[in-house]
Amino acid sequence: MTSLVELRVLEGPNLYFPRAAVKLTLDVSTITEAGDEAVLRFARRIGLRTTRPGAAGSGFRQRFALRAVERLVRAIAAEAGTRRLAVRVRPTSDPDVVIVAFPWRNRGRARALGGAVAHALDALPTPDVEAAVSAAAAEVARAPRGDRPATITPTIPVVAVTGTNGKTTTSRMVAHIARTSGLVVGWSNTDGIYRDGVLVEAGDYSGPSGAGRALGLDGVQLAVTETARGGILLKGIGITRNDVSVVTNVTADHLGLQGIDTVDQLAEVKSVVPRITRKDGWSVLNGDDPRVLAMRAVISAQPWIFSRDPDSPAVREVLTDGGRATTVIDGWITVLAPGADPDPLVELVDVPMTLAGLSRFNIENALAAASAALAVGLPRDAVVAGLTSFRPDAEHNPGRMNFFSVPGADGPADDGDSISVVMDLAHNEAGLEALLEIMAGVRRPGARLLLGLGAVGDRTDELIDALGEIGAKGSDVVAIGHKEWYLRGRTMKEIDDLLRAGAARVGVTDIDTFGTEVECLAALVERARPGDVVGLMCHAERQEAYDWIAEHGGTPDSPETLSQKVRAASA
């Protein structure tokens with residue numbers, strides 16, 4: 001086969017259908033480059049008798065190819081005995097490659113249909129194309145039916161969280177609130193599968209298998225699932241529906257992979273999660289992100305938005321339509337409902353994750369988590385208790401805005417000579433900007449920001465370059481700490497060159513490079529002066545960095561310590 005680029009079986013709701021589907025990536029150059037006689041003969045065979053396919057290689061021929069592939073799938077399916085079949089066809093950035101998807105109930109027949117479509121396309125340039133379509137249909141009819149989809153229909157409430165930034169923190173906060181209310185909680189995220197706060201299995205479980213594992217844990221009464229872009233595109237979502245969905249935001253990340261080249265396309269992928277929220281459930285959407293707010297048009301559930309601006313048009317529109325909103329009024333996290341007084345839950349200064357109100361992103365995460373917890377029916381008191389007890393530390397939120405005090409050269413970690421260390425994943429532009437914002441918020445007058453910069457290999461050249469520019473512009477000292485286990489096809493030199501090119505655009509060329517994140521951290525702390533703030537983009541060596549900090553007398557910052565640092569920075 002030359003036409004079949006990839007045949008992928010999606011096990012659950014996906015970008016194309018709210019149920020299991022087959023996704024074919026097809027090279028349609030046999031259509032776009034075929035002579036007029038051959039393409040018209042093919043068109044007649046699949047029922048397009050009056051079509052005008054346009055000249056070979058033209059934009060009109062490319063449009064015809066999309067329509068022809070859809071008709072080919074339907075024709076083969078019909079002749080094999082499936083009279084009604086939904087088919088979706090999408091172009092890609094390559095004019096000769098298209099994606100076609102159709103739902104499936106029997107794995108064997110579905111895979112056979114995908115292969116048969118490619119066989120028929122391969123035969124298009126030959127006089128035997130008409131017979132090839134018939135042979136393809138016969139091939140499908142003979143194929144064994146195979147397994148049915150294994151997508152799980154939940155029997156307990158499910159909160160599903162997606163987005164570019166903040167989904168791990170938000171899902172952890174929701175799980176913590178639910179545990180505070182007394183429920184046994186199973187949740188899955190990029191770190192692993194947890195039952196009631198205990199790690200059951202380590203690994204990235206933000207795909208469909210994570211949801212299934214979380215739901216299957218013994219005695220679980222509520223499931224919280226983190227759903228990433230890759231899982232949706234590569235396997236589909238592992239459950240048929242959720243009770244509450246959360247979309248934190250959509251920003252540029254992982255572009256150029258699996259046919260997703262723009263932020264708008266990425267938003268469409270993320271929208272799969274709220275699209276499968278039950279009609280009587282709630283979709284919690286970021287009202288300050290236009291792409292997320294626009295998902296109101298594709299959901300069946302009730303909208304519950306969160307926004308830092310209580311007077312935003314989004315808040316007014318959703319309340320007018322009978323929805324809910326969570327916002328900030330007079331420094332309080334507050335819930336709004338139509339025809340009711342505002343309900344102030346808790347002051348921001350009492351929510352440790354907001355870092356004394358300093359972290360814009362974590363304010364949004366707290367708003368999202370409070371909304372989801374209330375939407376799934378958790379008691380108001382438990383929501384307040386959960387928000388005030390969830391901390392930005394290695395226990396509650398490992399790898400996300402973790403603050404430490406490390407002794408300076410002349411004093412212990414708890415006096416004015418200490419060095420602040422902030423660790424965060426910061427895996428894209430928005431995440432790095434948030435890290436720098438937090439670092440600046442705890443810097444005392446006259447102190448410096450020292451940044452350990454890094455990137456994983458599966459980001460685009462443009463994004464890695466942008467990280468170099470943002471990091472160099474926002475810090476006083478920058479060094480590169482590589483992530484050997486996350487090169488993903490690149491070399492350290494490639495990543496190094498891209499980060500340096502971005503930094504050079506803002507005049508920064510004095511940059512040291514280290515082979516590991518821990519080596520980078522050690523070098524920056526050694527270079528730091530009392531009161532300085534060291535930030536580390538930490539992905540590969542989180543535990544090793546924690547251990548290094550502890551071995552050198554560092555201690556995690558309590559909420560009280562953080563508040564003191566924020567006050568000292570603004571003095």
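Rule-based calculations on the coordinates, nothing more; no lab input. The shown structure was predicted, so the numbers you read here are calculated from the model rather than taken from an experiment. Methodologically, a virtual Cβ is constructed for each residue, glycine included, from the backbone with ideal geometry; neighbour enumeration extends over all protein chains shown.
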Nearby lysines by direct alpha-carbon distance to residue 493 (threshold 27 angstrom, same-chain neighbours under 8 apart not counted):
473, 483
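Which of 486, 194 comes first, and how do the rest follow, when ranked by fewest Cβ neighbours within 10 Å?
Working: 486 16, 194 23.
So the residues, fewest neighbours to most, are 486, 194.
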Neighbour-count ranking [beta-carbon atoms within 10 angstrom, fewest first] of 248, 32
32, 248
If I take every Cα pair under 8 Å that is 6 or more residues apart in the chain, average their sequence separation and divide by the length, what percent do I get for the relative contact order?
10 percent
In whole Å, what are the extents of the chain along the principal axes defined by its C-alpha atoms, from largest to smallest?
86, 57, 44
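For a Förster distance of 51 Å, can you work out the FRET efficiency between the beta-carbons of residue 316 and residue 138, rounded to the nearest 0.05? Let's see the in-between values first.
Numbers: r = 60 Å, r/R0 = 1.17.
Between residue 316 and residue 138 the formula returns 0.30.
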What aspartates and glutamates does residue 270 reach when the alpha-carbon gap must be under 15 Å and sequence neighbours fewer than 8 apart in one chain are set aside?
226, 253, 261, 289
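Give the whole-number value, in cubic angstrom per residue, of the convex hull volume spanned by the C-alpha atoms of segment 69-151. Spell out each step's value before the answer.
Details: hull volume 7.6 nm³, N = 83.
Spelled out: Cα convex hull of segment 69-151, divided by residues, is 92 Å³.
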Rank 372, 277, 120 by how far each Cα sits towards the positive end of the charge dipole of the chain (+1 on Lys, Arg Cβ; -1 on Asp, Glu Cβ) and give me just the farthest.
120
Given N residues in segment 438-510, what is Rg(Cα) / (2.2 N^0.38 Å)?
1.14
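Hey, got the dipole for segment 4-142? About the Cα centre, +1 on K and R Cβ, -1 on D and E Cβ, debye to the nearest 20?
Values: 22 positive and 14 negative charges, 170 e Å.
In debye, rounded to 20, segment 4-142 gives about 820.
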Please name whichever of 227, 331, 355 sits farthest to the positive end of the charge dipole of segment 158-389, dipole taken about the Cα centre and charges placed at Cβ: Lys and Arg +1, Asp and Glu -1.
227
Remind me, what semi-axes does segment 4-142 give for its equivalent ellipsoid, largest first in whole Å, using sqrt of 5 times each Cα gyration tensor eigenvalue?
23, 17, 12
Could you tell me which residue out of 38, 102, 54 lies farthest along the dipole of segment 18-113 toward its positive end? Charges go on the beta carbon: Lys and Arg +1, Asp and Glu -1, centred on the Cα centre.
102
Tell me which GluC sites (Glu not before Pro) from segment 108-213 have a DSSP coil assignment and no more than 11 other beta carbons within 10 Å of their own.
none
Evaluate the charge dipole of the chain about its Cα centre and quote only its size in Debye, nearest 20, assuming +1 on the Cβ of each Lys and Arg and -1 on the Cβ of each Asp and Glu.
3400 debye
Among 499-511, 330-342, what's the highest-first ranking by average C-beta atoms within 10 angstrom per residue?
499-511, 330-342
Name the residues of segment 213-253 whose amide N is less than 19 Å from a point 7 angstrom out from the Cα of residue 200 along the C-beta direction?
213-228, 237-243
